[in-house]
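Asker: Dropping the structure in here first, questions after.
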Amino acid sequence: MAETCRLYYITDRTAFPGDESTRRHRLLDKIAEATLAGVDYIQLREKDLSTRDLESLAREAIQKIQKLRTENQELRTALLINSRTDIALATQADGVHLPANDVSPEKVRTAWKKCGAGAPARQFSPLNPQISVSCHSPEEVTQAAADGANLALFAPVFEKKDTTPAGLEALRQACRAKIPVFALGGITLQNAESCLQAGAAGIAAIRLFQENDIAQVVRALHKC
């Protein structure tokens, strides 16, 4: 079992009630809440947005996180942009999340390095991006590690609509890879410990964080 459970919040503003402006503000508040609570990673996963709107939202999210980091240097939350390396670079995000069958982590790192020194996007963005990869089998996790990913999201462990759960034994096998593996899919406070006992380095979730008081969730998971 991992010594400390690492946490990964995946956003979904469409789950909030209200119009687009209200959902956007609710999401930004939730991102701030997650940062203050010590969540390790936040994946901005608003796939329905246009490039312009996603970039705008990412900039606002990063401004909130950076302000909180300035006020408390112990905060270490990293913001990853789903799939869009270009937006991650343009907004000075900490890295990207790559869905299954997306480009390889190696290509992301090459693109990151090609954003020349002195360019506005590279003035503050990290030289080495954090890259997570969606994986659905132990073999995919092994490949992600070989391709240079920093961590893998293994799903679905317990549930996903119209998809057969992988289960704890497959998660246990996936955790033998040489990168941290985060359990995703139907994770609750009741079953999270079983994922950590299977070898997961952490827990990734949408609803677990977004529908609850994040500070309370973090405290509970850190006790697992």
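Asker: So ALA15 ticks every box in (1) surrounded by fewer than 19 Cβ atoms within 10 Å (Cβ to Cβ); (2) in contact (Cβ under 8 Å) with a residue 40 or more places away in the chain; (3) within 17 Å of ALA215 (Cα to Cα) but one. Which box is left unticked?
Answerer: (3)
Asker: Let me ask something else. What's the number of the condition GLN92 fails, among (1) closer than 30 Å to ARG176 by Cβ; (2) of a type outside the set (Lys, Arg); (3) touching a Phe, Trp or Tyr at 6+ places or on another chain (Cβ under 8 Å); (4) not in a helix (DSSP H, G or I)?
Answerer: Only one criterion in (1) closer than 30 Å to ARG176 by Cβ; (2) of a type outside the set (Lys, Arg); (3) touching a Phe, Trp or Tyr at 6+ places or on another chain (Cβ under 8 Å); (4) not in a helix (DSSP H, G or I) is unmet by GLN92, namely (1).
Asker: State which residue is surrounded by the most Cβ atoms within 10 Å (Cβ to Cβ) when the search covers only the range 30-59 and only residues that are among the charged types (D, E, K, R) and more than 25 Å from ALA183 (Cα to Cα).
Answerer: GLU55
Asker: Is it fair to say ARG176 is of a type in the set (D, E, K, R) and part of a helix (DSSP H, G or I)?
Answerer: no
Asker: Then there's this: Does any residue of the range 112-124 turn out to be modelled with pLDDT of 95 or more, on the phi < 0 side of the Ramachandran plot and of a type in the set (A, V, I, L, M)?
Answerer: no
Asker: Would it be correct to say that ARG207 is more than 24 Å from HIS97 (Cα to Cα) and of a type outside the set (A, V, I, L, M, F, W, C)?
Answerer: Considered against the rule, which asks whether it is more than 24 Å from HIS97 (Cα to Cα) and of a type outside the set (A, V, I, L, M, F, W, C), ARG207 comes out as no.
Asker: Residues that are small (Gly, Ala, Ser): which strands (runs of 3 or more DSSP E) entirely in the range 1-83 hold 1 or more of them?
Answerer: Passing ranges, in order: 78-82.
Asker: Further question on the same structure: Could we say that ALA78 is surrounded by 13 or more Cβ atoms within 10 Å (Cβ to Cβ) and more than 23 Å from VAL141 (Cα to Cα) here?
Answerer: So ALA78 fails the test.
Asker: With the structure loaded, tell me whether ALA204 is within 17 Å of VAL133 (Cβ to Cβ), touching a residue at least 60 places away in the same chain (Cβ under 8 Å), within 19 Å of the chain's Cα centre (by Cα) and not in a loop (DSSP other than H, G, I, E, B) or whether it fails that test.
Answerer: Here the answer is yes, as ALA204 does meet what is asked.
Asker: Can you pull out every residue in the range 207-224 that is not acidic (Asp, Glu) and not in a helix (DSSP H, G or I)?
Answerer: ASN212, LYS223, CYS224
The values are calculated or read from the model by the stated rules, or taken from the named source; none is laboratory data. This is a predicted model, so every value here is computed, not measured. Quick reminder, even Gly has a Cβ in these numbers, built from the backbone with ideal geometry, and neighbours come from all protein chains shown.
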